[in-house]
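The values are calculated or read from the model by the stated rules, or taken from the named source; none is laboratory data. A quick note: this is a predicted structure, and the numbers were derived from the prediction, not measured. For neighbour counting, all protein chains shown are included, and Cβ atoms are generated from backbone atoms with ideal geometry for every residue, glycine included.
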């Protein structure tokens, strides 16, 4: 046995978590050095689904490249598209109709809710409770139905085009969103009953994977991961874009920095998203949903950067234009990439079981990391 | 003594939180009315009107379509899904007129991004709601969208 | 009265009238082996089906509903599939131990069937230390699991096996303590005596709060001992992919799977015998009329009803709770369950000495 | 700080470097040799406190590379862009790992896709591609006849 098990010179075991592993939700490969059950070191090995989206975008026009960004963080596909559209619009200096901006924000928040619900279900499943996954999907299905009706697809919506949205909202949209809100509000208590207040769950997450505020800044963490550490980094507040300028909402902050704090940030963010949707759903202004743009888009020479908040954190879209019809260079600063870099720091000294809870609360989406 | 009362409180809190969770799942165990899954082959969900299943070309009763072969969709497509092969028809007046020979659609490359539909100036193509695309031979996924013998509708430029 | 006991006795007499004593014994042993294997297969099928239905109902799904009415033949079809499946062996495994391990787990589970009283007078082996036998033999299954984990030459399997070893060894203590607290009430290790002592009421009602506490501890400890969620750390599919049976496939995997369910059945049967009176109908003190009505329900139905009630409880746990971490698992045992059960045993002994129980 | 005062203070703070207003934030262009010194000043100073590196990438301009650092301050909520020119033949620049831990992964990615060598980086390996990969895919002159599909 000794000659079969790979060990470090100190006699610690090297365990390969992934590339196919139930709790990595994709093809993430982690080399973990363990002494017994205690993790001593973690080395992420990524790139199994690297599709070089940045290189592909260099040969696609400004209308075309947006669709491929849905495939990065597929759970917040709409926000990725939104970021690209905002950057292109910034370059073109197009005024987006107010109606389109409001629709974009409502769909963004619905996407965030869908993403967080999937995260909640899969976190519970990682920790061994299998039933919450189905309760989460019951509500998530309502959102994907709304998406299907209005955007035409359930996950990779590709609803945004530069200058607005692809089509006007479906006549049933408002009614269905309201139905969803009623359903979600009546079921959120169940989520807390089943998972949040459960003593086993609390023991599994409290005090695990602590990330201090200073480390969150240094590791460039964003989104609920950083907000769980008390770092205020909600791009919707700091650089308000689209309709976020005109609505009232709170930035959710927790200070403990452990897995439970990150969990609570996301749970409270869901309620805040519902609050945002409630403010907007009855006040969708009338008017155009798509601004007039030229058939072939050409960005002026220059560099454009947009920071916006996806379900996982800050997405940066950096476009370098040479004045042509295709971008000269595109960089997507993906939230999962930076959050993953903090994983080694957070997991050291914890048990193998904690790896699941920390990775679960980081909410890593692997295509988002690999791009 | 405070140690003991804390210990008891801890145990009580833990047990009651577990019992609350069991009550919730117990409710679902005994109330199996609401079922969220669907039995697929018998029950086929009605897809929404806008659902993007695959690109189809609309033909009317006279087997006429509206595609002029302008290849706007071909240019708009990010993946090279669409290939348009043109031919030249001779009109009764003896003029040469451009028309499509075949509109080739590679379903295996398509990401259903809807950009071709938006780009089409004559609304010749649209998205169908069919979502069952699996076939046994990959070659069957390459489709010709214009029907055999179809021609351009009068008045469409 | 028509009962399984009478049938068995007359069958025994009929055999004895035709053959000599040795041949009777041999035939009966063969029949018992046949019975045990059949029971195994049937229990496995029923319990897996039950588990899938329970999980489906909790998860607002329909569950298996294609093969046969309500999908009752689903598990049969699955078993057939597992039997015909190629049973491959990874390259670097320790071949002898790898093949032996599932059978050890299986045989342990089979041995445990011996002292269980299925109905009035129906017992394979009426051994006077029945409870002791069960606690002793049930610890052997850890050997099979350790063997499987070690022989697989897989790090996940090894970790799972080590976890399982620590877990089963520690939880046996509190399970034993909980069992002991009933033993001090009855004063006998014989399962028939224990059942007979519950003639006028089950121990869970007669033994005041300590019996209830002992029952709760017993259920928690046996859930852990059979590696069921929330204590399924040996498998822990989100951490260790499959734990000790990661490298097993086909029928060898099915044996592990089956043994898990048989173990659940056995611990629940023991639990039902100790706390709920086994095959003893529901009797209240000296209400003769009521007790007489209850006697009309066959004893085997009482036994299986109680056992399945406990199995349902354990399944309900599994589909509700998240999994514990390995150190929390041991904390729960050594810091909570063991002290509580020791204290409980003391209180129970006091009750037994003073005769405060009903 | 708003963009205008930030631009002014950066211009007074670094008189010899070219600092202009970009499309979003002030942009400062430096040579690669100056990097550590400028970053130390930007991060250390109480007026700017650029403690948050939210994006680090590289652009291939065919004649040279430009390392682009997007810096931000969590305290004052202002951002700036720092551009360092890197020689294309011998692409070398100092690593920022000792200032920002996030730079470790970001620099590995840039090394992987552009081939920029980061001096004093603790663990400079390929990140997304395999160790034996030849070439740097995001360079403009990269050509791979097998994996690149011409539409």
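Brief remarks follow.
- The set of residues from the range B:108-141 being without any contact (Cβ under 8 Å) to a residue 24 or more places away in the chain and not in a loop (DSSP other than H, G, I, E, B) comprises B:139, B:140.
- Checking each residue in the range A:52-89 for being facing chain D (nearest Cβ under 10 Å) and either under 18 Å from residue D:138 (Cβ atoms) or surrounded by fewer than 19 Cβ atoms within 10 Å (Cβ to Cβ) (or both) picks out A:52, A:54, A:55, A:56, A:58, A:59, A:60.
- Counting the residues of the range C:208-245 that are in contact (Cβ under 8 Å) with a residue 40 or more places away in the chain and over 29 Å from residue A:360 (Cα atoms) gives 10.
- When each of D:76, D:69 is tested for being more than 8 Å from every other protein chain (Cβ to nearest Cβ) and surrounded by 17 or more Cβ atoms within 10 Å (Cβ to Cβ), the lone residue that passes is D:69.
- Members of the range B:116-139 that are over 17 Å from residue B:66 (Cβ atoms), surrounded by 12 or more Cβ atoms within 10 Å (Cβ to Cβ) and modelled with pLDDT of 85 or more: B:129, B:133
- Yes/no for residue C:159 being free of Cβ contacts under 8 Å to residues at least 60 places away in the same chain and in contact with a helix residue (DSSP H, G or I) (Cβ under 7 Å, 6 or more places away or on another chain): no
- Check on residue A:355, under 30 Å from residue C:237 (Cβ atoms), in a loop (DSSP other than H, G, I, E, B) and either touching a strand residue (DSSP E or B) at 6+ places or on another chain (Cβ under 7 Å) or in contact (Cβ under 8 Å) with a residue 60 or more places away in the chain (or both): no
- Here the condition is being farther than 18 Å from residue C:167 by Cα and assigned to a helix (DSSP H, G or I); of C:332, C:346, it holds for C:346 alone.
For every residue, the table says whether it meets (1) within 30 Å of residue D:61 (Cβ to Cβ); (2) touching a helix residue (DSSP H, G or I) at 6+ places or on another chain (Cβ under 6 Å).
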| site | (1), (2) |
| --- | --- |
| A:227 | no, yes |
| A:248 | no, no |
| A:259 | no, yes |
| A:267 | no, no |
| A:287 | no, yes |
| A:316 | yes, no |
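- Residue count for the range D:127-148, restricted to those that are under 19 Å from the mean Cα position of the chain (by Cα) and more than 9 Å from chain A (Cβ to nearest Cβ): 2.
- Extreme residue, nearest to the other protein chains (Cβ to nearest Cβ), among residues of the range D:104-120 that are assigned to a loop (DSSP other than H, G, I, E, B) and out of contact with any helix residue (DSSP H, G or I) (no Cβ under 6 Å at 6 or more places or on another chain): D:115
- For the criterion of being over 25 Å from residue A:299 (Cβ atoms), within 14 Å of chain C (Cβ to nearest Cβ) and either surrounded by 20 or more Cβ atoms within 10 Å (Cβ to Cβ) or within 21 Å of the chain's Cα centre (by Cα) (or both), residue A:128 passes.
- Residue in the range A:240-259 that is at the interface with another protein chain (Cβ under 9 Å from one of its Cβ atoms) and assigned to a loop (DSSP other than H, G, I, E, B) present: no
- The residues of the range A:299-315 that are touching a residue at least 60 places away in the same chain (Cβ under 8 Å) and either within 13 Å of another protein chain (Cβ to nearest Cβ) or loosely packed, with under 15 Cβ neighbours inside 10 Å (or both), listed by number, are A:299, A:300, A:302, A:304, A:305, A:306, A:307, A:308, A:309, A:313, A:314, A:315.
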